[in-house]
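Reading through the structure tokens given below for one structure.
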Amino acid sequence: MSTDNRVGPPNFGTEREMLRAFLDYHRATLAMKCEGLTDEQLKERSSPPSTLTLLGLVRHMAEVERTWFRRVFEDHDAPMVWSETPNDFQAAYDGSASSRAEAFAVWEAEVAQARRIEHAAESLDAVGYQPRWEEEVSLRMVMFHMLQEYARHNGHADFLREGVDGVVGA
């Protein structure tokens, strides 16, 4: 992590502007935690018996982005990226046969889709359908859910990165 190029969220703004900015900030944080590492370093496990890796987190967040934006607001039957079983988020954590190029390409594509879907929605009250729950949800709820997903996993990324090369911070 040589440089911190993240754009910090504003101190003032509408609810939507704030949610969007904080979500993008957390997305950038995950990318920053992986910056400068080789494929092998991205695959280093946290602490046995856990199989958690930085690459696995990137793959997992690609699945989460797809699930909470594409599957909720556009295509309820969109398949998971790495799992053949619907709603199996564990398969994405196994990045042993993956690479930075593959994982980041998928994650970045899903983030772009999510941004497009969010920008196209008239308001945070836009309604989608969460097939996993068989319930309707608002875009507002999805944005808050995504923030907590990234915040939690960025905490994991802090420990993972420190374990890889001792780098801490941000």
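Looking only at region 114-141, count every residue that is under 19 Å from Pro79 (Cβ atoms) and buried (at least 17 other Cβ atoms within 10 Å of the Cβ) and tell me the total. Total meeting the criteria: 4.
Inside region 81-126, residues that are in a helix (DSSP H, G or I), modelled with pLDDT of 95 or more and small (Gly, Ala, Ser) make up a count of 7. Filtered by the rule that a residue be within 13 Å of the chain's Cα centre (by Cα) and open to solvent by 30 Å² or more (accessible area, probe 1.4 Å), region 148-170 gives Gln148, Ala151, Arg152, His156.
Here region 133-161 is the region considered, the condition is being part of a strand (DSSP E or B) and among the charged types (D, E, K, R), and the residue that is modelled with the highest pLDDT is Glu136. Of all residues in region 1-28, those satisfying the criterion of being farther than 22 Å from Val167 by Cβ, open to solvent by 50 Å² or more (accessible area, probe 1.4 Å) and part of a helix (DSSP H, G or I) are Glu15, Glu17, Arg20, Phe22. Among the residues here, Leu57 qualifies as modelled with pLDDT of 95 or more and assigned to a helix (DSSP H, G or I).
Pick out the one residue from Ala105, Ala121, Ala112 that is without any contact (Cβ under 8 Å) to a residue 12 or more places away in the chain and either among the basic types (Lys, Arg) or closer than 13 Å to Arg70 by Cα (or both).
Ala112
Do we find a residue being among the aliphatic types (A, V, I, L, M) and over 19 Å from Ala157 (Cβ atoms) anywhere in region 89-97? The answer is yes; a qualifying residue exists.
Restricting the search to region 64-102, which residues are touching a residue at least 60 places away in the same chain (Cβ under 8 Å) and either open to solvent by less than 10 Å² (accessible area, probe 1.4 Å) or touching a Ser or Thr at 6+ places or on another chain (Cβ under 6 Å) (or both)? Talk me through it step by step, then tell me what you get.
Step one: list which residues in region 64-102 are touching a residue at least 60 places away in the same chain (Cβ under 8 Å), which gives 64-65, 67-69, 71-73, 99-100.
Passing the criteria: Val64, Glu65, Thr67, Phe69, Val72.
The values are calculated or read from the model by the stated rules, or taken from the named source; none is laboratory data. The structure presented is a predicted model; accordingly, all values stated were derived computationally and were not measured. When we count neighbours, we look across all protein chains shown, and the Cβ atoms used for this are built from the backbone with ideal geometry, even at glycine. Surface accessibility is based on the protein's heavy atoms, side chains included, excluding ligands, DNA and RNA. Shrake-Rupley method; radii C 1.70, N 1.55, O 1.52, S 1.80 Å.
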